[in-house]
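Comments concern the structure below.
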Amino acid sequence: MHIVVVGGGVVGMTTAHELNRRGHQVTVLERHAIAGNETSKGNAAQRSYGVVYPWADPAMVFKALPWLFKQDGPLKLRVPPSVETLKFMFATLRYAWSPGLFGLNRRAMLRLGTLSRERFLALEKELNLAFDGAHQGLLHLASTPEALEGYRATHDLLTELGIPSRLLTPDQVRETEPGMTGDGPLYGALSYETDGTGDCHLFSRELAKACEANGVTIRYNVEAEDLVAGDHKVSAITLRREGGLLETLEADAFVICAGCWSNHLVKPLGLDLPIYPVKGYSLTVPLKDPDHAPASTIHDDNFKVVSTRLGNRLRATGFVELTDFNRDIPEARLATIRKSVESRFPGCADLNAAESWTGFRPMTPDGPAIIGRGPRDNLYLNTGHGTFGWTLSAGSAAVIAQVIDGEEPAVCLDAFRPGRFAE
Ligand SMILES: Cc1cc2nc3c(=O)[nH]c(=O)nc-3n(C[C@H](O)[C@H](O)[C@H](O)COP(=O)(O)OP(=O)(O)OC[C@H]3O[C@@H](n4cnc5c(N)ncnc54)[C@H](O)[C@@H]3O)c2cc1C
């Protein structure tokens, strides 16, 4: 089959790679001049297969409110919020308060995480891509006794699902992360031993090159505008090339992997995808003192900031901000990220010289991504991956390829079904 993939982020590129492996002729449409240049560019770089959880977390609803009023609080909201923001917040509350839903969705995401890890390991063996990738574990630090207590339930759930994790004492944390010499409060950590790291942007670009070498056509600098559809099938897609020229491209099937920008293609066919851009920020900087830097990746629960080692660089990331598509980078956000890094890894890098970035998590109001058949027989969706698209990209690409080929997907996709928002 000739299959068009819309979007050359990490999800589009892994999808293209899976389809190509299966013998399909694949064309990727990407409006940027390179792959992985939107949300996949400056993320926290964690491949956190054991951490994945839904956005609509009932335990977070009341915890999160006071964060709005703290200078360094991880949650920010533009005041007054837009209609889109309010709709997203109310939908989130509805899902958070649906009895049992969080637990079901979390298990579904963890199963997809396990598959994703397997697929990443296979892909890395097959292609040998240079993206500062590693699987050396991930630590969730506990800066209070209550946080450590809370990790016990997660540890039990992971054990039940056969996902390795370990509760660590502060001394064990320092053995695992010897560069962590800062005086930030520490009561222990939950260690996700089989999780990993990697530069999602580099990975997307390297995978794009590998795909092209294997016969995938990647068309950069083109904007996919409309799907041309009858009652049952999509026959073509219209795209705008540089210079404004319009073109119609026919194919046998279409996969939408356009992250935050997916809905405008699908909505005219009768399916509204409530994907909201949840903003975050990152700093990336070469290491000055590698011995005092993270060995792998840590989540500092004190500031909700992630610090990750990427080869000889540090990536530090934080904030969940509801402010629509606003690309401003306020100094106050970067100051909080710097404060967290300095409290854990003082002197590891010159944070004032770091490259700053902002991006938008393509978030669904419940949390699981949208994976499956869309509103026409040959239209498929792999989008809305929110906080965990880098982690789940390899797994979601594998299952959408199975769906397209009419096979039983390797993990149950009920939690990810595209039509659930209308139910
Ligand atoms: C601050 C922050 C930290 C994060 N940390 C992590 C992390 O540690 N681990 C993790 O797993 N995830 C993390 N994420 C989430 C992760 O980055 C995303 O889920 C993932 O990058 C989404 O990939 P994507 O390919 O779906 O979207 P994108 O990377 O946004 O790709 C979509 C692509 O589609 C293209 N496109 C859109 N519309 C069109 C069109 N009409 N025509 C042509 N092209 C189009 C865009 O240009 C873009 O390149 C983080 C996100 C943020 C913001």
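Some observations on this one:
- Restricting Thr387, Thr383, Thr391 to those that are near the ligand (Cβ under 9 Å from one of its atoms), β-branched (Val, Ile, Thr) and either more than 25 Å from Asp324 (Cα to Cα) or open to solvent by 10 Å² or more (accessible area, probe 1.4 Å) (or both) reduces the list to Thr387.
- For the criterion of being under 19 Å from the mean Cα position of the chain (by Cα) and open to solvent by less than 10 Å² (accessible area, probe 1.4 Å), Val305 passes.
- Matching strands (runs of 3 or more DSSP E) fully within segment 163-270 where at least 2 residues are away from the ligand (no atom under 14 Å from the Cβ) and open to solvent by less than 20 Å² (accessible area, probe 1.4 Å): 188-192, 234-240
- Filter pass, Gly318 being surrounded by 24 or more Cβ atoms within 10 Å (Cβ to Cβ), within 11 Å of the ligand (Cβ to nearest atom), of a type outside the set (A, V, I, L, M) and within 30 Å of Val26 (Cβ to Cβ): no
- The lone criterion from (1) among the small types (Gly, Ala, Ser); (2) open to solvent by 50 Å² or more (accessible area, probe 1.4 Å); (3) within 15 Å of the ligand (Cβ to nearest atom) left unmet by Gly100 is number (3).
- Hits in segment 19-32 - residues which are closer than 17 Å to Ile404 by Cβ and in a loop (DSSP other than H, G, I, E, B): Arg22, Gly23, His24
- Within the option set Ala35, Ala64, Ala16, being open to solvent by less than 20 Å² (accessible area, probe 1.4 Å), within 16 Å of the ligand (Cβ to nearest atom), not in a loop (DSSP other than H, G, I, E, B) and not acidic (Asp, Glu) holds for one residue only, Ala16.
- Qualifying residue in segment 289-299 (condition: under 26 Å from Thr364 (Cβ atoms) and in the same structural domain as Glu149 (by TED's automatic domain parsing)): yes
- Filter result for the condition that a residue is farther than 20 Å from Leu381 by Cβ and among the hydroxyl-bearing types (Ser, Thr, Tyr), over Ser191, Ser204: Ser191
- Contact map, segment 348-363: first residue assigned to a helix (DSSP H, G or I), second residue open to solvent by 40 Å² or more (accessible area, probe 1.4 Å) and away from the ligand (no atom under 11 Å from the Cβ), Cβ cut-off under 9 Å, separation 6 or more or different chains; pairs are Leu351/Arg338; Leu351/Glu342; Asn352/Arg338; Ala353/Pro286.
- Members of segment 271-313 that are part of a strand (DSSP E or B), more than 9 Å from the ligand (Cβ to nearest atom) and either more than 30 Å from Pro170 (Cβ to Cβ) or in contact with a Gly (Cβ under 8 Å, 6 or more places away or on another chain) (or both): Tyr276, Thr284, Asp300, Val305, Leu310
- Residue satisfying all of: in segment 124-159; touching a helix residue (DSSP H, G or I) at 6+ places or on another chain (Cβ under 9 Å) and farther than 22 Å from Thr308 by Cα; least open to solvent (accessible area, probe 1.4 Å) among these: Leu158
- Qualifying residue in segment 71-85 (condition: surrounded by 24 or more Cβ atoms within 10 Å (Cβ to Cβ) and assigned to a helix (DSSP H, G or I)): no
The values are calculated or read from the model by the stated rules, or taken from the named source; none is laboratory data. Just so it is clear, the structure is predicted and the values come from calculations on it, not from any experiment. Cβ atoms come from the backbone with ideal geometry, glycine included; neighbour counts cover every protein chain shown. Please note that ligands, DNA and RNA were not included when accessible areas were found on the heavy atoms of the full protein model with its side chains. Shrake-Rupley method; radii C 1.70, N 1.55, O 1.52, S 1.80 Å.
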